[in-house]
1. Kindly express, to the nearest 10 degrees and within the range 0 to 90, the angle between helix 200-220's C-alpha long axis and the longest C-alpha principal axis of the chain.
2. Fewest to most neighbouring Cβ within 10 Å: what's the order for 290, 387?
3. With each pseudo-label sitting 7 Å past Cα toward Cβ, what's the residue 52-residue 461 distance in nm, one decimal?
4. In nm, to one decimal, how far is the residue 669 label point from the residue 197 one, both placed 7 Å along Cα→Cβ?
5. To the nearest 10 degrees, how steep is helix 126-138 against the longest Cα principal axis of the chain, on a 0 to 90 scale?
6. In degrees from 0 to 90, rounded to the nearest 10, what is the angle of the helix 248-266 Cα long axis to the longest principal axis of the chain?
7. Could you tell me the center-to-center distance, by alpha carbons, between segment 629-653 and segment 130-160 in angstrom?
8. With r defined as the distance between the Cβ atoms of residue 100 and residue 602 and R0 fixed at 41 Å, what FRET efficiency is calculated, to the nearest 0.05?
């Protein structure tokens, strides 16, 4: 780009009109003569007039988009209230508000710990779309005047870098550039372009900055992951909505080509996005969907790959959904309501009764035919008794590390039963360097096993270029009407050096059907296999979604009146001990969960059963997870299972003294 600038946009008028603008377009043919005689004011006037003549708000606003969001609005705040707040220059980023005085400093950081995301996300400009909506509703020029003031302050302060990597600078990370072009800026342009505050000079600066966005997105985008999808959505929208720019056709073609190819590179054959996060799965769906909507509004062809790819991704949301209608918060995910996520899918895939069923919360359509389902490439295994709100649901993670936003959580298990989440996990948390952030990333925050006080450490040897989307996860799975069984292993090392001395293999047997003796329940069989003859200390963790937990011998039970509860009953291994930890900070963080919207400070204690023991050589631990309905007692009082690693017998002692004997071999994983 190479034009020096103290304030933005970097492009000069002369270069913009001679190199950037397509002056062969009708209405722009006189610009070269105006520039040649040095009459840049006329060039600006001609350009602005042609833009205003050809913008098509009636087309654009066919697109449905809701810009309300928890990270940049107060809880319960309306669009009208948010717009008035923005007029006062009281802006919110990452759920933290800040009041600016005369103008916004786009590199400011008012957070107590200099949380970088606050500054980065301030430049996503959701406020501009809020002002735009309110302006369309009222015609009040205060909103237009405020918007122009915000734009001019940003474009002057935020000079596009010439060669900075995609993640560099405060205002020009390519993720923010893609987000701006994929949404808020387009809503602002089509709302304000006829306002007297949106002068010709403002409009020309706007188009200069849009070109600078396109140039940066084209040349400095990421090579994979959700960033690339957001970047290409933004670039494609520039190509469609800004035909006055010479580069628009080439940018559009490039962006669509990359997006089509990324559906094969980023979406597993089972439909899950490569980052294996319920949150970023939605980010990718939304960005494809928003571009699809723009294409439909402007009669642009929608690639066939979009339709097929998004259908598979939407199906993941339905099939993974918990009985309460939410998705589990796995990796950097979220406890997301599925119904609103499926709104657009019901219109685009009218033949999918399951999409309609999920969107209407069971009022229309029909649930999927299958109950339990395997995602054999993503490595997630969903076990359920049915699709009713009081069904029992479990999720096992036996998959790969993921492309990004990963947690050290292989073999993690979640459980939802009788209308309530019973086994939870640390969840997702703000992307800062806090102890809570380190906690949610760690094995400590998940329902699996630590070795010698150390967490799993796949991150040490992880390389994105080694991710093979065509490679199945390798877990064993079998599902019947009576039971589901899944088995996987973790052998990638523990601790700072990823020591691989111990391999952890976990088998989960989900008994679906109620009998005279037992209701549906889950058996977890853990086998720890060290490659040496030294003693090792193990720690099995279970995070209960409860206010309080009771310890009865070695069993731990949630104790919430009038609600479903969970009993955890392990094999009484030699030396096995248990304690319930909640809200612990020393010697290490334990017993926490993220709450609300995963922003800074949004976490709370959660009682966590910590089972510890020491063993030399291979060892087998069997644990019963028994959910009970409100007011119901757990019928199992004891569990006995040989500790020898090749043993398969499991004996459950009932309250009336009877013993039920089960054999793992009767529940083979394949």
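Laboratory data are not the source of any read-out in this text; all were calculated from the coordinates shown. Every value quoted in this text rests on a predicted model; they were computed, and no experiment measured them. A quick note on method: Cβ atoms are made from the backbone with ideal geometry, for glycine too, and the neighbour counts reach across all protein chains shown.
1. Once rounded, the angle reads 40 degrees.
2. Details: 290 22, 387 19.
Ordered from fewest to most neighbouring Cβ atoms within 10 Å, 290, 387 come out as 387, 290.
3. 6.5
4. Placing both labels 7 Å along Cα→Cβ, they lie 6.0 nm apart.
5. Helix 126-138 sits at roughly 60 degrees to that axis.
6. Compared with the principal axis, the helix lies near 0 degrees.
7. Each part reduced to its Cα centre gives a spacing of 64 Å.
8. Working: r = 24 Å, r/R0 = 0.59.
It comes to 0.95.
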